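Okay, so here's the structure we're looking at.
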Amino acid sequence: MTATWSASELRAIDEAAELRIAVRGQDGSLRPAVPIWVVSTRGQVYIRTWYRRDGGWFGRVVSSRRARITVGPVTADVTIEDVGAGSPELRAAVDAAYQEKYARFGASVDRMIGDDAAAATLSLTRVGEQ
């Protein structure tokens with residue numbers, strides 16, 4: 001069962017510098033959580049990495065497609081969709097969200113809106129009722 005993100009959850013995500021993501025293994029167990037940048041736009045939540053890779057948190061989350069996130073007061077089980085750069089409109093919206101939220105990090109945010117990072121965009125869909 002999927003659920004939409006509530007306005008308060010999206011606000012918490014927008015206000016937090018990072019979320020913590022714990023990837024679910026095939027047996028349902030959670031790996032240790034790691035902090036990553038997160039944005040929301042159009043009522044949906046997105047994460048990226050600077051470059052696509054098979055290892056680390058990104059490779060595990062793409063393989064598993066299931067995780068638990070914690071950001072501020074929000075803890076949610078999520079499913080993962082690899083949306084890549086998506087449509088030009090989606091890419092522009094996610095790029096703008098990263099630029100607005102993380103502008104204070106200078107060159108680091110530039111890497112998060114580059115072609116490699118855009119191609120490694122994941123959408124997080126909330127599962128169940130919270």
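Assuming 0.36 nm per residue, please report the length gained on full extension of the stretch R53 to D116 beyond their Cα-Cα distance.
Extra length available between R53 and D116 comes to 21.6 nm.
With only Lys, Arg, Asp and Glu charged, each at its Cβ (+1 for the first two, -1 for the last two), find how big the charge dipole of the range 7-126 is about the Cα centre; round to the nearest 20 debye.
Here the size comes out at about 340 debye.
Quick one: give the max-minus-min coordinate of the C-alpha atoms of the range 8-48 along each principal axis, largest first, in Å.
Projected onto the principal axes, the Cα atoms of the range 8-48 cover 32, 20, 18 Å.
Pull out the extension gain between A85 and R65, defined as 0.36 nm times the separation in residues minus the alpha carbon to alpha carbon distance; nm, one decimal.
5.4 nm
Which listed residue (I69, S8, A22) has the Cα farthest towards the positive end of the charge dipole for the range 1-92, taking +1 on Lys and Arg C-beta and -1 on Asp and Glu C-beta about the Cα centre?
A22
Along the Cα-to-Cβ line of R31, 7 Å from the Cα, sits a label point; which residues in the range 39-66 have backbone N less than 12 Å from it?
Only 53-66 fall inside the zone, counting backbone N under 12 Å.
Which whole-Hz couplings ³J(HN,Hα) result when phi for each residue of the range 75-84 is put into the Karplus expression 6.51 cos²θ - 1.76 cosθ + 1.60, θ = phi - 60°, listed in order with x for Gly and Pro?
Taking θ as phi minus 60°, the curve returns 10, 8, 7, 9, 9, 10, 10, 7, 9, x Hz for the range 75-84.
Return the whole-Å distance between the Cα centroid of the range 2-32 and the Cα centroid of the range 77-130.
Computed from Cα coordinates, the inter-centre distance equals 14 Å.
Per the helix-only calculation at 222 nm, which mean residue ellipticity applies to the chain, given -39500 (n - 2.57) for every DSSP H run of n ≥ 4 and division by its residues, nearest 500 deg cm²/dmol? Walk me through the numbers before you get to the answer.
Numbers: 5 runs with 43 residues, N = 130.
So the calculated ellipticity at 222 nm is -9000 deg cm²/dmol.
At q = 0.16 Å⁻¹, what is the log10 ratio I(q)/I(0) for the chain, with the Debye formula run over Cα points and no solvent?
Ignoring solvent entirely, the Cα scatterers give -0.74.
Whole-Hz Karplus ³J(HN,Hα) for the range 22-28, in order, using 6.51 cos²θ - 1.76 cosθ + 1.60 and θ = phi - 60°, x for Gly and Pro?
Karplus-based 3J(HN,Hα) across the range 22-28 equals 10, 6, 8, x, 4, 7, x Hz.
Apply the Karplus curve 6.51 cos²θ - 1.76 cosθ + 1.60, θ = phi - 60°, to the phi angles in the range 30-46 and return the couplings in whole Hz, x for Gly and Pro.
With coefficients 6.51, -1.76 and 1.60, one gets 9, 6, x, 6, 10, x, 9, 6, 8, 9, 10, 7, 6, x, 10, 10, 10 Hz.
Rg over Rh of the range 56-116, using C-alpha atoms and the Kirkwood radius, what does it come to?
1.00
If I stretch the segment between E100 and V127 completely, what's the gain in nm (0.36 nm per residue apart, minus their alpha carbon distance), one decimal?
Value of the extension gain: 7.0 nm.
Return the long-range amide H neighbours of V45 (sequence gap of 5 or more, or a different chain), with a cut-off of under 5 Å between placed amide H atoms.
L124
Values quoted throughout were computed directly from the atomic coordinates according to the rules given, and no laboratory measurement underlies them. Note that this is a predicted model, so its numbers are computed, not measured. Positions of Cβ are generated from backbone atoms using ideal geometry, with glycine treated the same way; all protein chains shown enter the neighbour counts.
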